[in-house]
Amino acid sequence: LLVSNGFFEIKNNSLIPESSLKIFPIESKGQPVKLLNPLSQDLSIMRPNMLFSGLQTIKYNLNRQINDIKIFEFGKIYHKIDTKYVENEKLTILSSGIFKGNNWREDSKNTDFFFMKGVLDKLLDQFNLNHNFVSFQKFTQNYSTLGLTYLYDNNLIANVGMFSADILRNIGIKKSVYYID
């Protein structure tokens, strides 16, 4: 479904720098999974989310003049609760720039919050969820200026939003980036 809508799949390393926790803290009550003998400081913890590595991919592409980016990653995230290690499967989707058009037949349309919300709605329709049990809440995190949480029967299933300008500036990105996590 995502590929047929113009997205490209990526695969990032599961190891990230510990400094990324300042930007994207662990959402649960867990602790980061630190390596006992890391190869470098840039590869010192197992990723607690896929947002940091996804933004690094966006930055890499923008630095090479690829300005219209639609990517997704299926992967694992890791954290530790007490003495137990937890590993979860996730899907993260990121988009920046023009998502449609930019040719002689169509006017270009930039990625925005409502585009990403539409992508998430298409994904959820594939699961045939009973919409009577889906609710929404405003999502607030230090890394997001605009966000919405999707709940199914009061269980978190997704967040959709836009990264804050401060976070993007710290990472070195000058364009708006939207996400689904």
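The values are calculated or read from the model by the stated rules, or taken from the named source; none is laboratory data. Computed from a predicted structure; not experimentally measured. Here Cβ is always computed from backbone atoms with ideal geometry, including for glycine, and neighbour counts include all displayed protein chains. The area values use the complete protein model at the heavy-atom level, side chains included, leaving out ligands, DNA and RNA. Shrake-Rupley method; radii C 1.70, N 1.55, O 1.52, S 1.80 Å.
Protection proxy ranking of 6-12, 174-180, 61-67, 127-133, by the mean of other Cβ atoms within 10 Å over each peptide's residues and highest first, is 174-180, 6-12, 61-67, 127-133. Electrostatic bookkeeping for residue 33 treats Lys and Arg as +1 and Asp and Glu as -1; over the other residues with beta carbon under 12 Å from its beta carbon, the sum is +3.
With protein chains left intact and a 1.4 Å probe, residues in segment 1-95 average 58 Å² of accessible area per residue.
Taking R0 as 22 Å, what's the FRET efficiency between residue 1 and residue 156 from their Cβ-Cβ distance, rounded to 0.05?
0.55
Computing the accessible area with a 1.4 Å probe over protein heavy atoms, can you report the carbon and sulfur percentage for the chain? Could the numbers behind the result be given before it?
Numbers: 5420 of 10780 Å².
Ligands and nucleic acids excluded, carbon and sulfur give 50 percent.
The mean accessible area for residues of segment 110-153, using a 1.4 Å probe and ignoring ligands and nucleic acids, is 63 Å² per residue.
Counting only the backbone N, which residues of segment 157-179 are under 20 Å from the spot 7 Å out from the Cα of residue 149 toward its beta-carbon? It comes to 157-164, 179, nothing else. Work through the residues other than residue 59 whose Cβ is under 11 Å from its Cβ and net out their charges, Lys, Arg +1 and Asp, Glu -1. Neighbourhood net charge equals +3. Descending by average beta-carbon neighbour count within 10 Å, the peptides 164-172, 78-86 line up as 164-172, 78-86, the highest first. For the chain, modelled as a GNM whose springs connect Cα atoms under 10 angstrom apart, the maximal fluctuation among 106, 73, 27 occurs at 106. Shape annotation for the chain: C-alpha extents along the principal axes are 56, 44, 27 Å, from largest to smallest. Solvent-accessible area of residue 74, all protein chains in place: 100 Å² (probe radius 1.4 Å, heavy atoms, ligands and nucleic acids excluded). Assuming a viscosity of 0.692 mPa s and a temperature of 37 °C, what translational diffusion coefficient in µm² per second does Stokes-Einstein assign to segment 51-121, Rh being the Kirkwood radius over Cα pairs? Diffusion coefficient, whole number: 229 µm²/s. Rolling a 1.4 Å probe across all protein chains gives residue 119 an accessible area of roughly 20 Å².
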